[in-house]
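The values are calculated or read from the model by the stated rules, or taken from the named source; none is laboratory data. Note that the coordinates shown come from a computational prediction; the quantities given were computed from them, not determined experimentally. Glycine also receives a Cβ, built like all others from the backbone with ideal geometry; neighbour counts cover every protein chain displayed.
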Amino acid sequence: MDTEQAAAADVAVRLVLASLGVWRLSHLVTKEDGPYNVITRARLRLGDRFIGQLADCFACTSLWVAAPAAALVMSQTGRPRDIGLTWLALSGAACLLERLPEIPAAAHYTYKYQPS
């Protein structure tokens, strides 16, 4: 594998890991209690203010979590001009991952065999 292919593979791995990281952190902030209910207490303290509403919205939180992740991933590639697109892509990937468990349940069809 030449250096250009290795660099492309490295970026792909970084993007996959960053997508999983953005999903994990966004899910922790919006859906979980956290260790010793730390996250729940923080959300309660934020209340109904603007920041508190962001912490209740997975898509909103994923945007803010994806911003530094995109900067980190793209700064390592030498292509910082792609940070904006990477930012949106990481947030979108996290949103897709969040919906992934819903997809099989909605698409599930059971065929009932009736012998003749």
Residue count, the stretch 42-61 (criterion: within 18 Å of Trp87 (Cα to Cα) and in contact (Cβ under 8 Å) with a residue 24 or more places away in the chain):
4
Of the residues in the stretch 1-56 that are among the aromatic types (Phe, Trp, Tyr) and farther than 17 Å from Gly92 by Cα, the one that is modelled with the lowest pLDDT is Phe50
Of all residues being farther than 22 Å from Ala71 by Cα, assigned to a helix (DSSP H, G or I) and among the basic types (Lys, Arg) in the stretch 1-52, which is farthest from the chain's Cα centre (by Cα)? Just the residue, please.
Arg45
Considering (1) modelled with pLDDT under 85; (2) surrounded by 12 or more Cβ atoms within 10 Å (Cβ to Cβ); (3) acidic (Asp, Glu), say which one Glu98 fails and leave the rest.
(1)
Looking only at the stretch 11-41, count every residue that is farther than 19 Å from Phe58 by Cβ and in contact (Cβ under 8 Å) with a residue 12 or more places away in the chain and tell me the total.
3
